[in-house]
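The values are calculated or read from the model by the stated rules, or taken from the named source; none is laboratory data. From a predicted model like this one, the values you see are computed outputs, not experimental measurements. Cβ: placed from backbone, ideal geometry, glycine included. Neighbour counts: every protein chain shown. Calculation scope for accessible area: heavy atoms of the full protein, side chains included, ligands and nucleic acids excluded. Shrake-Rupley method; radii C 1.70, N 1.55, O 1.52, S 1.80 Å.
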Amino acid sequence: MFVEKVYIIVVMYIDLFLCISFYGPIWSYDDESAWPGGFCKKGGKRQSPINIQTNNVIKDFDRQFIKHGSLKFIGYENVLSSGLNNGHTIQFSTEGYTDMHPTITGGPLKYTYRLEQLHFHWLSEHSIDGVKFPMEIHFVHVRKDLNISEALNKRDGLAILAVFCNVQPDLNENQREASDEIMQHIPLLMRTGRRFSGAILNLRKLLSPKKNSYFSYLGSLTSPECNEVVVWIIFDNPIYISDDLYRLFGKVGIGRHNFRSQQKIKHHQVYQPPDAFITTPKAVIVVKDVYKHVTQFFQNITRQVRSTS
Ligand SMILES: [Zn+2]
């Protein structure tokens, strides 16, 4: 009995802070001014989501922020999961021993983070140069050496991967992978409070095809209590979902939409890994050099021709 009570309190606590409330909504996307939590009301210095202005992004050749090489995803293939409609979104949470949960490390992450849950926002919360996507999936990870309450008090306590989704009626076999993986589960979660457990999901199919091309910055949760504890990793290459699946999400009973309004840029600094840029600048340099050599060659020839004539 005691264990059960403790379990419920823990679940409520986790749910409250990770985008959901256990017994239905106590806050709503229709009135953000009434959200609980000081950060949500007053706003902090690094609130999320934001519009990512690509000409203000630092390409991190000097490894100021992205210091830990390429991102490493471990154990995303067969993930024991439960599904829930919490009144704000549809969420899949990892089940079983935390040691078995998928983990991520590398890139901007100094520590290893374990996957706790993923959920969906439609439309997207972040945008790139003012452009939003039809959907954004958030993979919420907790720093492996911390429990959730500790993580919610550390500026890098959580790592959230954001994957944008484009919608297309006709998808090829590769593009269909994401929709095929979750399509069967969504109809079970159409109403608030609906849940199921014991699904095995291949979450790799929901990750971006280019896993080392992303934007990263220190920001906040995009739902109460908006704690500024998140290392955001936002992939710029979207996955595809089918028209059918997107329409189904449109019918999920959670209200009109489920994205927080975009926040003012204050202490945010967005970085991009250098790897994606290594080839382009080199290519440009080579072309420029060739151009310079060719120009010089012709100038010399011209001079020679002039001097001999
Ligand atoms: Zn979210």
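Packing around the peptides 132-142, 43-53, 80-90, taken as the average count of other Cβ atoms within 10 Å per residue, puts them in this order, highest first: 132-142, 80-90, 43-53.
Compute the signed sum of charges (Lys and Arg +1, Asp and Glu -1) over the other residues within less than 15 Å, Cβ to Cβ, of HIS267.
In short, +4.
If only the Cβ of Lys and Arg carry +1 and only the Cβ of Asp and Glu carry -1, the dipole of the range 2-273 around its Cα centre is close to 640 debye.
The phi-based Karplus calculation (6.51 cos²θ - 1.76 cosθ + 1.60; θ = phi - 60°) puts the 3J(HN,Hα) values of the range 39-53 at 4, 5, 6, 7, x, x, 9, 9, 7, 10, x, 9, 8, 8, 8 Hz, whole numbers, x for Gly and Pro. Among residues other than ALA162 with Cβ under 9 Å from its Cβ, the summed charge is -2 (Lys and Arg +1, Asp and Glu -1).
For the range 75-81, backbone phi angles converted through the Karplus equation (6.51, -1.76, 1.60; θ = phi - 60°) give residue-by-residue couplings of x, 8, 7, 10, 10, 5, 9 Hz, Gly and Pro being listed as x. TYR113: net charge of surrounding residues, Cβ under 12 Å, Lys/Arg +1, Asp/Glu -1, itself excluded? Overall, the nearby charge balance is +3. Per residue, the range 230-272 exposes 47 Å² of accessible surface when a 1.4 Å probe is rolled over the protein heavy atoms with every protein chain present.
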